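Everything below concerns the one structure shown next.
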Amino acid sequence: MSIRRQMRSVLTLALPLIAAELGWMSMGIVDTIMVGHMDNPAMNIASAALGQVLYNTLAFGIAGVLLSLDTFLSQSHGAGRYDEANRWLYHGLILAAVLAAVLFGLIELAPLLMQRMPINPQVLGGAQSFLHALNWGTPVLFLYFTLRRYLQAFNHARPIAIALVTANLCNVFGNWLLIYGHSWGAIRIPAYGIAGSGLATSLSRTYLAIFLIIAIWKVEHQHNYGLRSMLRHIESSRLKRLVLLGAPAGGQIFVEISIFGAVTFLIGTMGPLPLSGHEIALNCASFTFMVPFAISAAAAVRVGQAIGRNALPEAAAAGWSAILLGAACMASFAVMLFLFAHPIARAFTPDRAVIAATIPLLFVAAAFQFFDGLQITATGALRGAGNTHAGLIVQIIGYWIIGLPIGCWLGFHLHYGAIGLWLGLCAGLIVAGIALTTVWSRTTKTLRLGNVNLLKVVD
C-alpha cells in the first residue's frame, strides 16, 4: 500500500489524538499562565517549572512502561483476537496500579531531595506545595493512561479528544477558583496560591479517568468486544511481557524528559528569572511536540495492526506516512515560533524581564522542531513493530553523551547561560531525529522481505 493512501488512515486516527494531546499539554500551559499573573510572577513560574518538571520526569518515565500496551493491543486487534486484547487490558490495569503506587511514594519523598538543591528557598517551597497537590491525581492519571491505550488501539480515539478538551475547561475553572480564592456570601473558597494550581490539575485528571470509564462502557455496549465476559485471573507471564517490552519505552521517555529536568535544575541555579523564561519556552516546545507525539501513537497502532494481520507493506507505509506528517507539522511550528516569539512570550506574562529571557529560547526551540518531529514519530513506528530498545539507546547517546556536555560547555564555560544549555538540547535532538529515522528505514527492509516473525509479539 502506498504512503499517500496510508496518510489518510494515519490522519483519521491521529487527528483526535492530536486534539487530545494538545488538550493534555494545555493543562500545564494554563497552570503557568495562571501563576504567571500572580504577584511576583518570576518566582511563581519558577516554582511551577521545578514542580512540573520533577513530576513529569518521574510520571511519564514510569507510566511509559504502559506503552507496551500499544503493541500488544494493536497487534491483537489486527489479528481479530479481541479476547486476547481484553486480557492485555486487564493485566495493564494491574500493572498501572503498581506503577501508580511507586510514583505516589516517590513524589511524597521528593521534598527530602529537593531540600539539598542549590536553588532559591522560596522557589523550592512553592514547588513542594505544588507537587504535593499534584500527587493526589496520580492514581487516576495511570488509570487514564491505561484506558486510553485500549480505546486508541481499537480505533476509538474521539472520546479521548473530547475528554481532554472538556477536562481543560475544568482545569481553567479550577485554577481560577483555587489559586486566587473567592467568596459568595457564606461560601468562601480560600486562596491556595500555587498549590491550588496542582489541586485543579488533580481534579481534572479525576474527571478524565471517569470520562474514559464511561466511554469504554459505551463502546463495549455498542460493539460487544467481550469485556464483560473477560477472564479475570492474573497471569504472571503477561505482566512480565508487558514490563519487558514496556521498560525500554518508559526508559526512553525518562531519558528524554529527564534531560529537560536536568537542564531545568541547571538553569534553576542561575536564578528565578532564567528559570521562568525556560519554563515558558519549555511549555511552548512541549505544546508543539504533542502533535507529532499523537501521530507517533497513531503510527504505533497502525503499524501494529498491519503486522497483526500480516500486511507488512502496509505497516511500512503507515510508518513512513507518520514520519512525514510529523516532520511537516514541526517544520510549520518552527516558522511560527521564529516569527511570533514575542507575542507568544507576552501571552504568558506581562513582565518584560521574563519575556526577554524567554524569546531567545523560543528561537532555539524553532531550530530543533523538525528533528523532534522525526525522532518521536519514528519511535512510534518502531514501537508498533515491537522495537522499544532503539529509541532508548539513541536518546541516551543523543541527549546525555552529546547534548548535555555541549550544553554545559556553552552554558557555563562560554557563559551563554540558559541559551547555551538549550543549544545542547538542540544538538541532541538533531542526532536522535536522524538516527531513529535511519533505524526505521532499516526496519522497513525487514518488512519488505516479509519477516513477520521478527516483528510480531502476539502469537
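Any read-out appearing in this document is the output of simple, stated calculations on the displayed coordinates, not a laboratory observation. This is a predicted model, so every value here is computed, not measured. FYI the Cβ positions are ideal-geometry reconstructions off the backbone, even for glycines, and counts take in every protein chain you see.
Remarks
- Computed lengthening from ARG8 to TRP400, 0.36 nm per intervening residue step minus Cα-Cα distance: 137.5 nm
- All-pairs alpha carbon distance profile, the chain, 10 Å steps from 0, percent: 5, 21, 32, 26, 12, 4, 0, 0
- The stretch 313-388 and the stretch 53-124 have Cα centres lying 24 Å from one another.
- The stretch 49-136 shape via C-alpha gyration tensor axes, a/c threshold 1.5: prolate
- Residue order for GLU84, GLU220, fewest other beta carbons within 10 angstrom first, comes to GLU220, GLU84.
- 5 angstrom amide H check on ILE189, placed H, neighbours 5+ away: HIS182, SER183, TRP184
- Computed E for LYS240/ARG352 - FRET, C-beta separation, R0 56 angstrom, nearest 0.05: 0.50
- Backbone phi angles across the stretch 416-423, fed through the Karplus curve with coefficients 6.51, -1.76 and 1.60 (θ = phi - 60°), yield HN-Hα couplings of 7, x, 4, 4, x, 5, 5, 5 Hz in residue order; Gly and Pro are listed as x.
- Neighbour counting of Cβ atoms within 10 Å sorts the residues ILE280, ILE107, ILE210, ILE396, fewest neighbours leading, into ILE210, ILE396, ILE107, ILE280.
- Gyration tensor verdict on the stretch 107-160 (Cα atoms; rounded if a/c is under 1.5, prolate if a/b is larger than b/c, oblate otherwise): prolate
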